[in-house]
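Asker: Would you mind keeping the following structure in view while I ask a few things?
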There are 2 protein chains.
Amino acid sequence: MNYSESNQPHTVIAVDAMGGDFAPDEIVMGAARVTMETSINTILVGDKAKITPILDKTEHRSNQIEIVHTDQYIVNEDVPKIILSEKPRASMLIAAELCGSGRANGMVSAGNTGAYILSAAKNIPRIEGVRKTAIATVYPTRNEKKRDPFALLLDIGANIHCTAEELVQFAIMGKIYASDVKGVKAPTIALLNIGKESHKGGEILTQTYEILSSLKNLNFAGNIEGNDMLKGLADIVVTEGYVGNIVMKTIEGIAETLSHLGRYAFKRRFVWMLGLMALSSGIKQLKQITDYSEYGGAPLLGFREIVIKAHGRSRAKAIANAIKVAAKTHRDNVCEKMAREIAQYEQQFHGDPVV
Amino acid sequence: MNYSESNQPHTVIAVDAMGGDFAPDEIVMGAARVTMETSINTILVGDKAKITPILDKTEHRSNQIEIVHTDQYIVNEDVPKIILSEKPRASMLIAAELCGSGRANGMVSAGNTGAYILSAAKNIPRIEGVRKTAIATVYPTRNEKKRDPFALLLDIGANIHCTAEELVQFAIMGKIYASDVKGVKAPTIALLNIGKESHKGGEILTQTYEILSSLKNLNFAGNIEGNDMLKGLADIVVTEGYVGNIVMKTIEGIAETLSHLGRYAFKRRFVWMLGLMALSSGIKQLKQITDYSEYGGAPLLGFREIVIKAHGRSRAKAIANAIKVAAKTHRDNVCEKMAREIAQYEQQFHGDPVV
């Protein structure tokens, strides 16, 4: 990805300094790195007594970093639903408030996903016309001919089940994110299904297929099956959160499983085990890729400001990339473009833009 | 698996000789092999002019093989729905008729899955009380401590969406199949979901969770996520066909994807590519395992006679195993056991066994 250095001086990204397996150290170091490489301003939300010593020993431009103090923060064990009442001053909630009030133009957290979605939903309005927000993630494909060998999958868990219109909106948001942020021209969009034929998968998917086929400014590639998804036959794969979440976690789990299968293989065939052992470093790299450190995390699409969920295991580099992606998304007016295209679609199908 | 040689003399398995990528040669050779190794009788359904020359050059016991001739058969390109009217004498339909009429005690086909399900549904009654049939498949896990490092996933595509009661019945049928045919004692059962908590995944899954928890003779292990599925934390994973199909195809597609990623890796890191190259033979073996040649195919559970779908790429060995599994399932009265346990469950929850 190309992180241009021409960031407008006033792009401000709120960063949850307390969320993630390596918080606050790696989060603060990531923000510090951003100030050295770009003109992006960051607001670190979290425990000032912990953040300051890390900043003190990390190279950074202090005029681009602000600390907003709070001593409450969410841990992975917290049940998302009760967080809002029990931890009203949690760092990710305050980061979301900064976005909602206009002080920040986007936010990044590597913390508890469920709580993060609720924090955003409570404080940041949805894009006009958007029925549901969606989490998108990148995954590696084997289409090495493409400029971008990764593809975008959404939703991976902001919702469980979806209507056809919600899935269509996911396709539109995914298209704009992939073309503007990932730089894929006229990205192809496919619907995850149990067969290629348009009548497959039940009523909702059949209806979604029909609407997507009829949209002129959308490069719809039809249905895609589980195995073809990994071939990179589409730049964007659309599905409901229940399926997307299970598929994404299955892919994440495979690398680990492959290496463990080696032990079983031993009893069966020695050569096989050797092959698995030889791959172990490759598997680690594959895992790093699915950790989306390069792509700066998974965007929560549908809010008026960009909301990026960095992986829980994010290190400084991944956090820095997430902040840069958030800034680029703001600078390129991605959310405004989504609003425009969603309105066009609603007008085409319902006569009036949804307000 | 232990294929005991004590098959009762009169177990008869109908075999669709014309279905599969290597039909009729490998199918006929598989049936021939069974007659040499067991006392199972097979009925080969298909083109006699093609079957006879293969049998002539293959060692077999002729008193255990019968040919039922037809010159119609299903190809993969056939649309399942119109097959029944256009090809009423197709080999897999006749095989199903043989089961329905009691001449055969089970059937095996490596042909078109959709057509096969319809053929069975048209000719073989469902087990009393069973609401929907389901396709089950085995997949490799990395739990090498278990006697059986494979697990059973169902449904993988006989249905799209399911009610809670249908999912519960899948769990019961899976349990009996895993314990009787695969030989796993008190198999653990899990529900594929987007989180471990009982309230996850929407109304149907919450309800399913509740019922499964309340069943005494069922070893329910709770919800399982995509990544944990591959760890082998459960012997049986239950899900609706839409999700099961996509997950299974994703797993099947991964091995191929990994090897192709190697080329992309080349540009990034040479060592990684070497690891991937070294694994290629291991990947091929992994694919063979997911081809279920060892386990004799994917059973369609819920019919009164056992219906086995062998993989399209099945060779003689896989077909022979599928026939042996079908015979063992019949001999062990697996379908009767399912009927009994389904009736118990229905009585517990509805007061009367469903008829």
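Asker: Hey, can you tell me all the residues within the stretch A:74-97 that are free of Cβ contacts under 8 Å to residues at least 24 places away in the same chain and either surrounded by 15 or more Cβ atoms within 10 Å (Cβ to Cβ) or aromatic (Phe, Trp, Tyr) (or both)?
Answerer: Matches in the stretch A:74-97: A:LYS87 only.
Asker: How many residues, within the stretch A:29-73, are part of a strand (DSSP E or B), out of contact with any Leu (no Cβ under 9 Å at 6 or more places or on another chain) and buried (at least 21 other Cβ atoms within 10 Å of the Cβ)? Don't jump to the end; show me each part of the working.
Answerer: Here is the first cut: in the stretch A:29-73, the ones part of a strand (DSSP E or B) are A:41-46, A:65-69, A:72.
Adding the requirement that they be out of contact with any Leu (no Cβ under 9 Å at 6 or more places or on another chain) leaves A:41-42, A:46, A:69.
If we keep only those that are buried (at least 21 other Cβ atoms within 10 Å of the Cβ) as well, we get A:41-42, A:46.
Residues flagged as part of a strand (DSSP E or B), out of contact with any Leu (no Cβ under 9 Å at 6 or more places or on another chain) and buried (at least 21 other Cβ atoms within 10 Å of the Cβ) within the stretch A:29-73 amount to 3.
Asker: Taking B:ASP25, is it under 30 Å from B:ILE83 (Cα atoms), surrounded by 21 or more Cβ atoms within 10 Å (Cβ to Cβ), charged (D, E, K, R) and at pLDDT 95 or above?
Answerer: Working: under 30 Å from B:ILE83 (Cα atoms): yes; surrounded by 21 or more Cβ atoms within 10 Å (Cβ to Cβ): no; charged (D, E, K, R): yes; at pLDDT 95 or above: yes.
Judged against the criteria, B:ASP25 is not a match.
Asker: Something else now. Could you grab me the full set of residues in the stretch A:12-28 that are assigned to a strand (DSSP E or B) and under 15 Å from A:ALA110 (Cα atoms)? Full working, then the answer.
Answerer: As a first pass, look at the stretch A:12-28 and keep what is assigned to a strand (DSSP E or B): A:12-16.
Residues satisfying the conditions are A:ILE13, A:ALA14, A:VAL15, A:ASP16.
Asker: Of the residues in the stretch A:102-150, how many are modelled with pLDDT under 90 and under 12 Å from the mean Cα position of the chain (by Cα)?
Answerer: 4
Asker: Of everything in the stretch A:184-208 that's more than 14 Å from chain B (Cβ to nearest Cβ) and without any contact (Cβ under 8 Å) to a residue 40 or more places away in the chain, which residue is nearest to A:PHE170 (Cα to Cα)?
Answerer: A:ALA186
Asker: If you don't mind, there's one more thing I want to ask. Would you pick out the residues in the stretch B:215-240 that are farther than 23 Å from B:ASP180 by Cα and assigned to a helix (DSSP H, G or I)?
Answerer: B:GLY226, B:ASN227, B:ASP228 - these are the residues of the stretch B:215-240 that are farther than 23 Å from B:ASP180 by Cα and assigned to a helix (DSSP H, G or I).
Asker: Being modelled with pLDDT under 95, more than 13 Å from every other protein chain (Cβ to nearest Cβ) and within 16 Å of the chain's Cα centre (by Cα) is the requirement here; does B:LYS216 meet it? Before the answer, list the steps.
Answerer: Details: modelled with pLDDT under 95: yes; more than 13 Å from every other protein chain (Cβ to nearest Cβ): yes; within 16 Å of the chain's Cα centre (by Cα): no.
Criteria not met by B:LYS216.
Asker: Go over the candidates A:GLY174, A:GLY222 one by one and state the one that is at positive phi, more than 9 Å from chain B (Cβ to nearest Cβ), touching a strand residue (DSSP E or B) at 6+ places or on another chain (Cβ under 9 Å) and in contact (Cβ under 8 Å) with a residue 12 or more places away in the chain. Break it down stepwise before answering.
Answerer: Details: A:GLY174 fails: at positive phi.
Unique residue meeting the criteria: A:GLY222.
Asker: I would also like to ask the following. Identify all residues within the stretch B:225-240 that are at the interface with another protein chain (Cβ under 7 Å from one of its Cβ atoms) and more than 16 Å from B:PHE150 (Cα to Cα); write none if there are none.
Answerer: Of everything in the stretch B:225-240, just one residue is at the interface with another protein chain (Cβ under 7 Å from one of its Cβ atoms) and more than 16 Å from B:PHE150 (Cα to Cα), namely B:GLU225.
Asker: May I pose another question? Which ones in the stretch B:165-199 are assigned to a loop (DSSP other than H, G, I, E, B) and of a type in the set (Val, Ile, Thr)?
Answerer: Looking only at the stretch B:165-199, we keep the residues that are assigned to a loop (DSSP other than H, G, I, E, B), and these are B:181-187, B:193-199.
Those that are assigned to a loop (DSSP other than H, G, I, E, B) and of a type in the set (Val, Ile, Thr): B:VAL181, B:VAL184, B:ILE194.
The values are calculated or read from the model by the stated rules, or taken from the named source; none is laboratory data. Bear in mind that the values here come from a model prediction, so they are computed numbers and not experimental data. So basically every Cβ, Gly included, is an ideal-geometry build from the backbone, and we count neighbours across all protein chains shown.
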